[in-house]
Amino acid sequence: MAGAADTAVEPAPRDEPRGAAPALAGLSGGRGPLLVTVAIVAAIALVLIVAYGIHDVAQRGVNGLVSGSYFALGAVGLTLVYGTLRLVNFAHGDLLTFGAYMAFLANVTWGVPIVLATLFAVVATAALGVLSERVMWRPMRGRGAGMLQLLLMTLGLAFVIRYGIQMIWGTFPRRLEVDVTDSISFLGLRIGRTELIVVIVGFVVLLAVGLMLRRTSLGRQMRALSDDMGLAEVTGIDTDRVVIATWIFAAGLAGLAGVLYTAAIGTMTPNLGFFLLLSLFAAVILGGIGNAFGALAGGLLLGLAQEWSTLVIDPRWKVAVGFGILILVLFVRPQGLFGRKERTL
Amino acid sequence: MTPVFAVSLDALTSADFWIGVGVLAGTYTIFTLGLQLNVGFTGIINFGQAGFMAIGAYSMGILVVRAGWSLWAALPAATAIAMAAGVLIGLPSLRLRADYFAIVTIAFAEIVRYVAQNARGLTGGNQGLLGFDDQWLDVSDTILGWLPASMQDQFLLPLLIVVWVTVAILTGLLMLLQRSPWGRVLRAIREDEDAARALGKNVLAYKLQSIALAAALGAIAGYFLALNLSFLSPESFEPQFTFIGFTILILGGLANYVGVALGSLIMWTLLEATRFIDLPLAAEKVAALRFVIVGVALILLVAFRPQGLLGKRQEMVLRD
Amino acid sequence: MTDELLRVEEVVKRFGGVHAVDGATFAVRGGSITALIGPNGAGKTTLFNVVTGFQRADRGEVVYDGRTVGGRPAHAIARCGMVRTFQITKALAAMPVIDNMTLAAPRQPGEHLAGVIARPYAARKREKAVRERARELLARYGLEQKADDYAGTLSGGQRKLLELARVLMVEPRMVLLDEPMAGVNPTLGGKLLEHVHALREQEGTTFLLIEHDMEVVMGHSDRVICMAQGRVIADGEPEAVRSDPRVIDAYLGGAAR
Ligand SMILES: Nc1ncnc2c1ncn2[C@@H]1O[C@H](COP(=O)(O)OP(=O)(O)OP(=O)(O)O)[C@@H](O)[C@H]1O
Ligand SMILES: [Mg+2]
């Protein structure tokens, strides 16, 4: 890399994990950071339990897992695109919005059942991701575009998606046909029926993503490419195929995250993805930029942090917690919880 | 059959239209001069200029309305606050690769908007903040008094004059700075940080100065926006306004201070002219159309004419 | 040794599993010309990076002029008079050659915002002196014709010369040159070496240079340090190092690989 600064943070090279370790042990920093993180989270939980009682902490923890699941789904795509293409995609949040409105189109306008509408949204968003690769990113890479050029183009694309949606559907909040009032009680904890489905779908998909990245050759190739595109090319990975797969993956998951977010919150507006983008970046940087497993963990941790923060501060400010974490991580550990520091010249 | 849309060209010949465009173009010239300093001359990607604009404008408004300061004392104080915010944001992120700074600044702008919306006690939230411009209106009346009688009904004319005088002064100062040894160090940093470092230049300190000055320029743009609207509300400072600035920047040409004013005039003429296209659409959808245009313009410019009108092509290729 | 200017002690620098520098120890005498040799990948450039603050050592210590360098930023080290060049030249391509030179000069009040505003006269005066010195140095390296061209238009060898000239603008006490002769034609290379000697005689400047050309190493250095696989394997008089079996081994081993 051309003269990166001495303190530049490189996405950590991923070790090939050995044995049948649990999915999260694939975090590249090894087990140490994972254990430290778990210990810190446990310590915070303990302090909160002592101060506010176990019920409140558990209830907000449940809420945190709900938001954590769509943060994680959104963040993993953002980080994978960064890792494989060195592209910070500022339009990623708007892919979530696009997914939500595609589900609205199918579910409400066309009257398709929600499950099929969700599938439609995932496919449509994945298609948009692939389209953007073919029409914008691949030609630009071919021309040797600089970082600033690419960043600005992602922003232009973000505008086109967001405000294109606003031109068609306006800013009026829209709903999917899901029941957001019905709720379930378990051990004294309340969770919305839809929220429960969101968490379950979210975690099943996250697990599948984790397994896919670790176990399948496509997943391994994605991570190899994420390490070094040039290297992957000389060692014979079909990069074009992997790049397309990455986009399908990243955009499809973003579409799903958008639908899950809307289902959990109740409404969608054209801004939803942009508002979420901040949290997605916080999750990505928390986990170590470019690190897929880190993004999954970062998303969940951020969800927990935001909800637990409402025990201490006005819930209005929980969005700011994401920003606080972002800044704190950059100060204390810029390579993220699970990244490894690399200095290059 | 009724036409789908009609364009009335009358508006384009009215003085109101051009004064309105002139004030906005001047305001955004100042705003984008800051981006030019950061992106064009230092090589740092500031995506949060709207946040600095908001911090400047709100600090000014709050100091005047809530703390009872004089406007003339509030302006320098608010500028200092915006600069301090720039340094605080820069300290953790400017040591890292350029894309980290882009991420942090865009997040920062969003948080500032969020605070403006939610800290109602200070900012008035969505109701907005009013009544900070009495002292300006006195000055404005004085300037109007100097003008010929035929122009006296153009109450925005004094603002137009002051904005463009400010643009001229700031552009001149920045060009002088750029020619100084200080500007030479910035250019070296933009080209190759490590080379600058090896020659004993404190790269982080220069980057922080660059971002602090850009924040000050953003704040000044914020004052003009506030005086133009007589009213501060979160919608006027949404993060996406930064990207109108970037479109202006690329349109005018990177690493060219004069191009900024040119780009801004073209951009705002186009954006304001869209108001007069009679589309059968709700207001929010017409507003959306403007941003779609910005998005498309940004993509096409960056892809096909990255050097803009006055820049050099190689300026666009910032190293990673 | 009392007159040592630079001491490297047990420095270790790893990249993942690669031990680029693996416990290197040596000292450089003030006013000497010391050559650092070793096969490709021996860790010479990495050692330079650590010594000049561009990378932080995982372990070990670097002492320059009696003070530890570890943890100090690169620009601060350069300001203490220890300045380096890069193996892959870093000419500032979009700046004129003369600006490359004047940029490097220290004590320019116009480089600070306060100085630009408050001391324009002092800045202009300094600038004038700096330009004069820059033109002098450029003339010495045959670059005076190129002074107003963009550095990007220089050839590879000319860039090497520009980088050396630029380093001298900093008024260094110690110069670390990473393969300064690579790609420079022999005549100019000879002049470059002459200049190195002249600087050492007149100003007492200390040189540590990485060089692959054995002729140059033998003919021009007072002392030779040989690295292989991150360690110092020989350190002494040029002749002694040349005939050291470990050195021959390292080079032959490197060639055989
Ligand atoms: N940033 C880096 N990341 C990973 N490995 C590195 C990095 N820099 C150097 N290395 C490795 O460290 C070892 C030493 O490299 P170094 O550049 O210091 O060698 P050198 O002695 O200067 O070689 P040459 O004579 O070819 O310039 C090499 O194996 C190299 O691959
Ligand atoms: Mg080397």
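The values are calculated or read from the model by the stated rules, or taken from the named source; none is laboratory data. No experiment lies behind these values; they were computed from the predicted model shown. Ideal geometry is used to build each Cβ from the backbone, glycine not excepted, and the neighbour counts take in all protein chains shown. For the accessible areas, the whole protein counts, side chains as well, though only heavy atoms, and no ligand, DNA or RNA atoms are used. Shrake-Rupley method; radii C 1.70, N 1.55, O 1.52, S 1.80 Å.
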query = Percent antiparallel among DSSP beta bridges with both residues in the protein assembly as shown, to the nearest 5?
reply = 65 percent
inquiry  = Report the rotationally averaged projected area of region A:44-340 based on its alpha-carbon convex hull, in square nanometres.
reply    = 15.9 nm²
key: Derived scalar couplings ³J(HN,Hα) [region B:12-22; Karplus, 6.51 cos²θ - 1.76 cosθ + 1.60; whole Hz; x for Gly, Pro]   = 5, 9, 7, 5, 3, 4, 6, 5, x, 4, x
note = Summed over the other residues with a beta carbon less than 14 angstrom from that of C:A24, with K and R at +1 and D and E at -1, the charge totals 0
message = How charged is the neighbourhood of A:L207? Take every other residue with its Cβ under 15 Å from the Cβ of A:L207, and add Lys/Arg as +1 and Asp/Glu as -1.
response = +2
message = I need the peptides B:36-45, C:103-112, B:237-246 ranked by packing, meaning the mean over residues of other C-beta atoms within 10 angstrom, with the highest value on top.
response = B:36-45, B:237-246, C:103-112
query = When you look at the Cβ of every residue in B:85-94, what mean number of other chain Cβ atoms sits within 10 Å?
reply = 2
note = Whole-Hz Karplus couplings 3J(HN,Hα) for region A:109-123, θ = phi - 60° and coefficients 6.51, -1.76, 1.60, Gly and Pro as x, run 5, 8, x, 7, x, 4, 5, 5, 4, 5, 4, 4, 4, 5, 5
Efficiency of FRET between C:R67 and B:L91 - r from beta-carbon atoms, R0 25 angstrom, step 0.05 = 0.45
query = How big is Rg to Rh over region C:18-99, alpha-carbon atoms, Rh as the Kirkwood inverse-mean-distance radius?
reply = 0.98
key: Placed amide H near C:A228: partners under 5 Å, 5+ positions off or other chain   = C:I233
Restraint check, C:K90/C:K191; A:K318/B:K201; B:K207/B:K285; C:K90/C:K128, Cα-Cα greater than 30 Å = A:K318/B:K201; B:K207/B:K285
note = Along region B:269-276, Karplus-curve 3J(HN,Hα) (6.51, -1.76, 1.60; θ = phi - 60°) to the nearest Hz, with x for Gly and Pro, reads 4, 4, 5, 6, 5, 4, 4, 9
Average Cα contact separation per residue, region C:97-153, under 8 Å, 6 or more apart, as relative contact order % = 44 percent
query = What number, in nm² with one decimal, is the all-direction average of the projected area of the convex hull of the alpha-carbon atoms of region B:6-315?
reply = 16.9 nm²
key: region B:6-315 - charge dipole about Cα centre, Lys and Arg +1 at Cβ, Asp and Glu -1, debye rounded to 20   = 1140 debye
task = Could you please put A:F71, C:F15 in sequence from largest to smallest accessible area, using a 1.4 Å probe?
result = C:F15, A:F71
query = Expressed in nm², what is the orientationally averaged projection area of the convex hull enclosing the Cα positions of region C:97-153?
reply = 4.1 nm²
query = For the charge dipole of the protein assembly as shown, defined by +1 on Lys and Arg C-beta atoms and -1 on Asp and Glu C-beta atoms about the Cα centroid, which residue among B:F155, B:Y58, B:Y206 has the Cα displaced farthest towards the positive pole?
reply = B:Y206
note = Long-range amide H partners of C:D58, meaning residues 5 or more apart or on another chain whose placed amide H is closer than 5 Å, are C:V12, C:K13, C:R14
task = Take every residue in peptide B:281-294, count the Cβ atoms of other chains within 10 Å of its Cβ, and give the average of those counts.
result = 5
request  = Could you give the spread of the C-alpha atoms of chain C along their three principal axes, from largest to smallest, in whole angstroms?
outcome  = 59, 39, 37
message = Give the average, rounded to an integer, of partner chain Cβ atoms located within 10 angstrom of each Cβ in C:92-104.
response = 4
request  = For C:R231, tell me the accessible area in Å² from a 1.4 Å probe, rounded to the nearest 10.
outcome  = 120 Å²
inquiry  = Please list, short to long, the whole-number percent of alpha-carbon pairs of region B:1-120 in consecutive 10 angstrom bins beginning at zero.
reply    = 12, 31, 28, 18, 9, 2, 0
inquiry  = What Kirkwood Rh does the protein assembly as shown have if only Cα atoms enter the pairwise 1/r average? Answer in Å.
reply    = 30.1 Å
Cα centroid separation, region C:8-54 to region A:76-122 (Å) = 51 Å
key: Mean residue ellipticity (222 nm) of chain C, computed from DSSP H runs ≥ 4 via -39,500 (n - 2.57), nearest 500   = -12000 deg cm²/dmol
query = Between B:A255 and residues 5 or more places away or on another chain, which pairs have amide H atoms under 5 Å apart, with H built 1.01 Å from N, and which residues are they?
reply = B:G40
